[in-house]
Structure formats: C-alpha cells, structure tokens
Amino acid sequence: MQLRTTLAALVLGIAAFTVQAADPIIIKFSHVVAPNTPKGKAAEYFKQLAEERTKGAVKVEVYPNSQLYKDREEVEALQLGAVQMLAPSLSKFGPLGVRAFELFDLPYIFPNKETLYRVMDGDIGKSLFKMLEDKGIIGLAYWDNGFKQMSANRPVRKVEDFKGLKMRIQSSKVLEAQMRALGANPQVMAFSEVYSALQQGVVDGTENPMSNLYTKKMHEVQKHLTISDHGYLGYAVIVNKNFWDGLPANIRAILEQAMQEATEYERGISQQDNDDALAKVKAAGTTDVYVLPLQDRLAWHKAMLPVHKEFEDKIGRDLIQATYRAAQQVQKARGSGR
Ligand code: LMR
C-alpha cells in the first residue's frame, strides 16, 4: 500500500515537473514606437532569435505603439515586474533619477555615429548602465535611431524662427534647455500623444528622427521640416533585474547572445530606415523639406552650445569631457586614414 502511494506520488511529481518545464518563460517587451521602425524591427528580431534558440523555453511578447504603457508608465511597469523588457529612449531616464543619461541629449555633442558608438560601447556606456542597478534595472544594450530633425507648422530655418513656438519634447531637462536656448517654449508630452497634439495645434512642432516622424504620420500635420541633425536619439534596452538574475544561467546566456545579434541588426538598419522615411516624406508632398545650410547650422550650434556648460553638474563634467575627447580621437583617426 505504502509502495503504491509512493509510486503514485512519484508519478504525480514527474507529471507536475513536466508541466512546469513546458511552461515557457514569458518576456513582455513593451515599446512606444511603430513596429516598422529600427526599434520595432529589432524587438521582433530578438523575439525570433530568443524563441528559436531556447526551443520555445522563452516566449517574447512584443507590444508596440504604447499598446500597454506610455513613456513614463512603462518604466514604472518594468520596475514593478509587470513587463520584463523595454527600450526607452535615452532621453527618458531623467525622471528615474539618473540624469547622466541626458549626456546623449546635448545638442551637437556627437559629430558622427562613430563617436556615439565609442561612447555607448565604452566606459561611459558601461558606467551609465551601472547607475541603473540600484533602481532594479539592468541595461543590456544600446540601440540606435539617429539624428533628430526639427519640424513645425511654420518654417524653422533661422534661430529667430523658433521664438515663441510650442515644441513637444521628451522628458529631458537638457531638451527643455535646448528649446529654450532657441527661444521656443518646450512642452513635455508622451510620444503616443504627439500626433494629435500637432493636429490640434496644442503644440506647433517637434523633433525626432525621420523614422519616428514618418511612421507616426507626423508629416501629415507638419508643414515644415528642417534637416538639422542637431541632436541624437538612441535607446537603452533594459530588463527587470530580479527577473533577469532569476533566469537559469543557460537561458540567460542564450538571451544575451540573441540581444547582441539583435543589436548588430538594429544598428545596421537604422540609417537606411531613416533615409527611406525621409524619401517617403518628400514623396508624400505634405511637408516642405529644407536642408539647413552650414552657415545656419553654425548659428544653431552657437545658440545651443551653452546648454553643455549649464548641465555639467547634472550630467557630470567628466562624462562630457570624455565625449569631447572621443570625438577628437575619431577625428584624428580619420585624419590619419585609420
Ligand atoms: C519620443 O518620445 O519622441 C521617442 O523617444 C520615441 C521613441 O521611443 O523613439
């Protein structure tokens, strides 16, 4: 009798174990942009790699377009464990209390992508990720979107053109200061609300890389666009620390590899996606596209540069100086043909 009970318990135990082992680990990956953007496509690519390579032990559910959460809520949801993975723009970490990420928002700080990658992939990028850990967050990778362009319902060519314009910005103090330096009136707003705010005239203009502008149809409600490349927009792919640390080590290793490959893919498509989006905006014929000439670029630069100094204390003088040095190193390497 006792043997039979023991056997039955054993069988039940095995059955329970099998059910448990078959239950996939769910990663909810929430983001705010359209699926056909560099971030949207890379999230899908990561899902594909992660699911294939773990043979279904991990299931990644991607929720684009702020379907689950808007900008600010998504970070809170990650900390609470309601979602496991996000890729917020680097401009959205200030409200978490990690202001150093606003380094990436400083106008004209990256003369080219090479400098940007040196900063992201080097000591600065690592030190920024370290700052997230006591917020219950782990940084896995930096993804790219590209340089931002200005759009508005009136031409924005000279610095004076910004005077009094209401410009939507992300939740970054540096972006606020940048708009003020131009004489504009910055308004923080979630990404999901920008189209209707532009349509209804709640704001007059905004800044974003072309892929975001086009996929959210902002060109339909913006008559003027200036190709200015005045600032940068990138992402940090982040996970809930408890969730990540609690994964079986073999699964975590597979996911890390998948993330590395998704990152290479993402960085490889971002420029082309933005170029394609610009071509589509031009073809749509709704928006006058103006390329800022060098002379005006210098004038914008002069107007915005004081923002670097203003934020030395908040961001860290050392980080800003190290970024300048990275730019010089790239310049020097290019000069010597390396
Ligand atoms: C924005 O809010 O403008 C961007 O951060 C959206 C995004 O994630 O690219």
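The values are calculated or read from the model by the stated rules, or taken from the named source; none is laboratory data. Note that the coordinates shown come from a computational prediction; the quantities given were computed from them, not determined experimentally. Glycine also receives a Cβ, built like all others from the backbone with ideal geometry; neighbour counts cover every protein chain displayed. Just so you know, the surface numbers come from the protein's heavy atoms only, side chains and all, with ligands and any DNA or RNA stripped out. Shrake-Rupley method; radii C 1.70, N 1.55, O 1.52, S 1.80 Å.
Listed by position, the helices (runs of 4 or more DSSP H) contained in segment 147-237 that have at least 3 residues being open to solvent by less than 30 Å² (accessible area, probe 1.4 Å) and either closer than 16 Å to Gly94 by Cβ or modelled with pLDDT under 95 (or both) are 173-181. When we screen Ala82, Ala77, Ala50 for residues that are of a type in the set (Gly, Ala, Ser), over 22 Å from Val194 (Cα atoms) and assigned to a helix (DSSP H, G or I), the only hit is Ala50. What do you reckon, is Lys92 among the charged types (D, E, K, R), at pLDDT 95 or above and buried (at least 18 other Cβ atoms within 10 Å of the Cβ)? The answer is yes for Lys92. Pairs are defined by a Cβ separation below 6 Å, a sequence spacing of at least 6 or placement on different chains, a first member in segment 26-42 that is open to solvent by 10 Å² or more (accessible area, probe 1.4 Å), and a second member that is in a loop (DSSP other than H, G, I, E, B); the pairs so defined are Lys28/Val83; Lys28/Gln84; Pro35/Pro64. Before we move on, is Ala177 away from the ligand (no atom under 16 Å from the Cβ) and over 13 Å from the mean Cα position of the chain (by Cα)? For Ala177, the condition - away from the ligand (no atom under 16 Å from the Cβ) and over 13 Å from the mean Cα position of the chain (by Cα) - is met.
For segment 163-203, enumerate the residues that are out of contact with any strand residue (DSSP E or B) (no Cβ under 8 Å at 6 or more places or on another chain) and among the charged types (D, E, K, R). Selection gives Lys163, Lys173, Glu193. Note on segment 47-67: among residues that are out of contact with any helix residue (DSSP H, G or I) (no Cβ under 7 Å at 6 or more places or on another chain) and in contact (Cβ under 8 Å) with a residue 12 or more places away in the chain, the one that is farthest from Ile124 (Cα to Cα) is Gly56. Among the numbered conditions (1) closer than 19 Å to Pro111 by Cβ; (2) away from the ligand (no atom under 12 Å from the Cβ), the only one that Glu207 does not meet is (2).
Is it the case that segment 65-79 has a residue that's open to solvent by 10 Å² or more (accessible area, probe 1.4 Å), more than 13 Å from the ligand (Cβ to nearest atom), within 15 Å of Asn240 (Cβ to Cβ) and among the polar types (S, T, N, Q)? Looking through segment 65-79, at least one residue is open to solvent by 10 Å² or more (accessible area, probe 1.4 Å), more than 13 Å from the ligand (Cβ to nearest atom), within 15 Å of Asn240 (Cβ to Cβ) and among the polar types (S, T, N, Q). Applying a threshold of 6 Å to beta carbon distances and a minimum spacing of six or more residues, or different chains, the list of pairs starting in segment 109-135 at a residue that is touching a residue at least 24 places away in the same chain (Cβ under 8 Å) and ending at one that is among the β-branched types (Val, Ile, Thr) reads Ile109/Thr323; Glu114/Val330; Thr115/Val330; Val119/Thr323; Met131/Val98.
For every residue, the table says whether it meets (1) over 19 Å from His308 (Cβ atoms); (2) more than 16 Å from the ligand (Cβ to nearest atom); (3) hydroxyl-bearing (Ser, Thr, Tyr).
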site	(1), (2), (3)
Ser89	yes, no, yes
Phe93	no, no, no
Leu96	yes, no, no
Asp105	no, no, no
Asn112	no, yes, no
Val119	no, yes, no
Leu128	no, yes, no
Ile138	yes, yes, no
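Restricting Ala277, Ala249, Ala258 to residues that are open to solvent by less than 60 Å² (accessible area, probe 1.4 Å) and either out of contact with any helix residue (DSSP H, G or I) (no Cβ under 9 Å at 6 or more places or on another chain) or closer than 20 Å to Val83 by Cα (or both) narrows the list to Ala258. Scanning segment 33-89 for residues that are among the aliphatic types (A, V, I, L, M), under 15 Å from the mean Cα position of the chain (by Cα) and closer than 21 Å to Ser211 by Cα yields Val33, Ala34, Ala42, Ala43, Leu86, Ala87.
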